[in-house]
Amino acid sequence: MTFWWLAWKDLLIIIRDKKALLTLIAMPLLLISILGAAFGDMMGGDEDVTIKKFNLGIVNLDKGQLGGILSEEVFNKDLSDQIKVTYYQEKDLLEKINNHKLSIGIVIDEDFTETVTTGKEAKVKVYTVPDPGIKSIIVTTVIEQFAQMIPLEAMANGAQPVQGEIQETSSSDELNQSLLQETTVNPNTETVGSFQYYAAAMGVMFLLMTAVQGVSTMILEKEQEVYKRLLLSNLTYLEYLLGKMLGLFIICLTQAFFIILGTKLLFGVDWGKSVAGIIIMTFAFVVSTCGLGVLAGSFFKTEKAFGVAGMLGTQIFAALGGSMVPIYVLPDAFVAAAKVLPNSLALQTYLDLMTGSSLLDIIPAISSAIALGVIFFVLGLFRLSSERRRKYA
């Protein structure tokens, strides 16, 4: 158990370093306050967000049936609470748009039915005034979903369009039921505000930065021959690693404690009802972070190189993991890649706890985080041990 004094040494260095304490505790709270206040209106859940009803001009040139279903059944009937439909000739529609008497309009191509049912590229022209806001997003989304749904309905019903002739795959009511579906949100689920989101996001990012800084110190000790002097005290290589990791582990847990407590007291952040879930998930994330730091540090021989790569890697991980912006705004490829990152897993789990999840609900995430940490640490230890044997063989 001789590695305990090494962990205590690292803790004393941090405690006596006012700059380090400022970075560990004050900086995350400062960034959380800035980001939480800046994005409060965007992410706040105190007020209901409503979409005002708007006018949509439609020109239906389609020779088949689907243009009529889209314009009359979908837009005019099923979306009547959000959209008021007015039918025009194409020339009149363009004149309305140009004179800013109408903010958005669509022209359904004459071959719309044929192209949709045969799986070809369907054409619907969308005309808008400059900066129409969310109106164009709503209209284009409905059109795209409608165009994607028709071929699926045709396949499900075994319909085969032949030479441009349209075989009706289902009634318009059935099509609309497939196209427009309502999902009821669990009433027990709570919304996450901006301060809650960035408390978790910045907390995760700074814990990652702390782990990188801790491993950077280990590499610096090797460069300055501190490591060799420590070994003269009969400290084994494994004990050295355990002592350094224990010190880093305690530092990260302490930082997480102050971030969680500070955001709750200063900004009223609700981290969720499951205190045990918050504690255990924090423990699991620190394990995975420290393990990742050891593995990353095993590939670098100088503190300067690791410092640059570590900070760059931390920013990339933070961006992909949702610490910079909510992960749902990122491209699908980035979202898929982020699922294997420890910080993304931790952030999502904290958000789940904030929305009402219990300890049992996050057991899989906790297990995954701990497993990742153990795997990272074992791989890093194996690589460092192999390198050491080659060097001193």
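The values are calculated or read from the model by the stated rules, or taken from the named source; none is laboratory data. Just so you know, these numbers come straight off a predicted model, no measurement behind them. Note: ideal-geometry Cβ built from the backbone for every residue, glycine included; neighbour counts use all protein chains shown. Surface accessibility is based on the protein's heavy atoms, side chains included, excluding ligands, DNA and RNA. Shrake-Rupley method; radii C 1.70, N 1.55, O 1.52, S 1.80 Å.
Things to note:
- Remark on I58: its backbone amide H falls under 5 Å from those of T86, Y87, Y88, I106, a criterion applied only to residues 5 or more positions apart or on other chains, H modelled at 1.01 Å from N.
- Accessible surface comparison of K101, K96, K264, probe 1.4 Å, protein chains only, largest first: the order is K101, K264, K96.
- In this view, the solvent-accessible surface of L94, computed with a 1.4 Å probe and all protein chains in place, comes to about 60 Å².
- Electrostatic dipole magnitude of the stretch 60-102 [Cβ: Lys, Arg +1; Asp, Glu -1; Cα centre; debye, to 20]: 160 debye
- Derived scalar couplings between HN and Hα for the stretch 246-255 equal 5, x, 5, 4, 5, 4, 5, 5, 5, 4 Hz in order, rounded to whole Hz, by the Karplus curve 6.51 cos²θ - 1.76 cosθ + 1.60 (θ = phi - 60°), x for Gly and Pro.
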